[in-house]
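Undergrad: Before anything else, here's the structure in question.
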Ligand code: GUN
């Protein structure tokens, strides 16, 4: 049996169409234009491609958007001052600092500097804390997008065995927390595997829903997956270039083999990636509405 392919691209397009209607109405009825700044430090090729895609989506939705490029050697104080400038700019509702940052910059300090009301990435400790206790807040975009995909795929999460591979602050840790919440799309029994996990296969084999954010190409092979599992692949690994110079991408799971075993699977590209960007757009609209008291 070949798995159903969960097209993040299609789901993202549907949500973006709904958002466009909302943005047009915000502009016409209330004179509110959602504003987003994406700050890129240095020229990491993956980061450049991510912020370009985020800006493109913002532009297509009719946001006021700024791409702020800073040199890799920017002083930490200068970056903090830049964030403060956007904190004080009423036309900007969402501030995103693309990660990772160069080693001389303290990432935690930078994330703390963003006004939590403009933290559309959901990385500020105030938003992280609210997420953990289940209060309304900006949810981190990748786990939020994955949640939407799982809900829309029709997979039952209540009481399901969910295994998350990877414990990053951006994906693994928030994903675990969201799947635990006692509400639709959550209420699961959650296990998290990481680099010190022994016998990883024992855990992954139990998973009804397997979410992989390991950051390594094809680390999950077909023998590690239960028959009929739903497999969500968060990995975006650049494994080469086409003769035209375009990056060749692959995920963290062995897609070709696992699609013959799973009941549903996300492709790379076209799976989780477009959802991350869409959830950023959704958070920015939410931030603009909150700022306007709507
Ligand atoms: N780097 C990788 N993923 C993300 C993300 O979702 N947000 C930011 N700011 N940086 C990232």
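Undergrad: Can you tell me, using C-alpha contacts under 8 Å and at least 6 residues apart, the relative contact order of the chain as a whole percent? Before the final figure, lay out each step's value.
TA: Numbers: 581 pairs, mean separation 63.6, N = 294.
Here the relative contact order equals 22 percent.
Undergrad: Quick one: Cα convex hull volume of region 171-294, Å³ per residue? Provide the component values of the computation, followed by the final result.
TA: Values: hull volume 17.8 nm³, N = 124.
Per residue, the Cα convex hull of region 171-294 comes to 143 Å³.
Undergrad: Of all DSSP beta bridges in the chain, what percent run antiparallel (nearest 5)? Don't jump to the answer; show the numbers that get you there.
TA: Details: 4 of 33 bridges.
The antiparallel proportion sits near 10 percent.
Undergrad: State the extension gain, in nm to one decimal, for the chain segment bounded by residue 64 and residue 289, taking 0.36 nm per residue of separation less the distance between their alpha-carbons. Walk me through the numbers before you get to the answer.
TA: Values: separation 225, 0.36 × 225 = 81.00 nm, distance 1.42 nm.
The residue 64-residue 289 span can extend by a further 79.6 nm.
Undergrad: Picking from 56, 109, 246, which is most flexible by a Gaussian network model of the chain using Cα springs under 10 Å?
TA: Result for the chain, Cα springs under 10 Å: 246 fluctuates most.
Undergrad: Once you compute Rg and the Kirkwood Rh from C-alpha atoms, what is the Rg to Rh ratio for region 91-244? Working shown, then result.
TA: On the way: Rg = 16.7 Å, Rh = 16.8 Å.
With Rh from the inverse mean 1/r over Cα pairs, Rg/Rh is 1.00.
Undergrad: Can you list the residues of region 155-199 with backbone N under 14 Å from a point 7 Å past the Cα of residue 216, pointing along Cα to Cβ?
TA: Only 165-167, 193-199 fall inside the zone, counting backbone N under 14 Å.
Undergrad: Here's another thing I want to ask about it. Between residue 88 and residue 109, what length comes free when the chain is fully extended (0.36 nm per residue of separation minus the Cα-Cα distance, one decimal in nm)? Spell out each step's value before the answer.
TA: On the way: separation 21, 0.36 × 21 = 7.56 nm, distance 1.80 nm.
Once the chain is fully extended between residue 88 and residue 109, it gains 5.8 nm.
Undergrad: Show that you can apply the helix-only estimate: for the chain, add -39,500 (n - 2.57) for every DSSP H stretch of four or more residues, divide by all residues, and state [θ] at 222 nm to the nearest 500. Could the numbers behind the result be given before it?
TA: On the way: 10 runs with 117 residues, N = 294.
After summing the helix terms and dividing by residue count, I get -12500 deg cm²/dmol.
Undergrad: Does a label point 7 Å from the Cα of residue 182, set along Cα-to-beta-carbon, have any residues of region 139-164 with amide nitrogen under 16 Å, and which are they?
TA: 158-160
Undergrad: Taking the 0 to 90 degree range and rounding to the nearest ten, how far is the long axis of helix 8-30 tilted relative to the main principal axis of the chain, both from C-alpha atoms?
TA: The answer is roughly 20 degrees.
Undergrad: Provide the descending list of Cα extents for the chain along its principal axes, expressed in whole angstroms.
TA: Cα spread of the chain along its principal axes, largest to smallest: 52, 41, 38 Å.
Undergrad: So, one more: Report, in degrees rounded to the nearest 10, the 0 to 90 angle that the Cα long axis of helix 141-153 makes with the longest principal axis of the chain.
TA: 50
Undergrad: Hey, another quick one. How large are Rg and Dmax for region 232-276 when only the alpha carbon atoms are used, in Å?
TA: In Å, with Rg to one decimal and Dmax whole: 11.4, 35.
Undergrad: Over region 1-101, what is the relative contact order in whole percent, taking alpha-carbon pairs under 8 Å and six or more residues apart?
TA: Relative contact order for region 1-101 comes out at 34 percent.
Undergrad: Let me ask you something else. At 4 °C and a viscosity of 1.567 mPa s, what translational diffusion coefficient does Stokes-Einstein give for region 50-160, taking Rh as the Kirkwood radius over Cα pairs? Give it in µm²/s as a whole number. Before the final figure, lay out the partial values.
TA: Working: Rh = 15.8 Å.
It comes out at roughly 82 µm²/s.
We did not get these values from a lab; they are worked out from the coordinates using the rules stated. As the structure is a prediction and not an experimental result, all values here were calculated from the model. All Cβ positions, glycine included, derive from the backbone under ideal geometry; neighbour counts span all protein chains shown.
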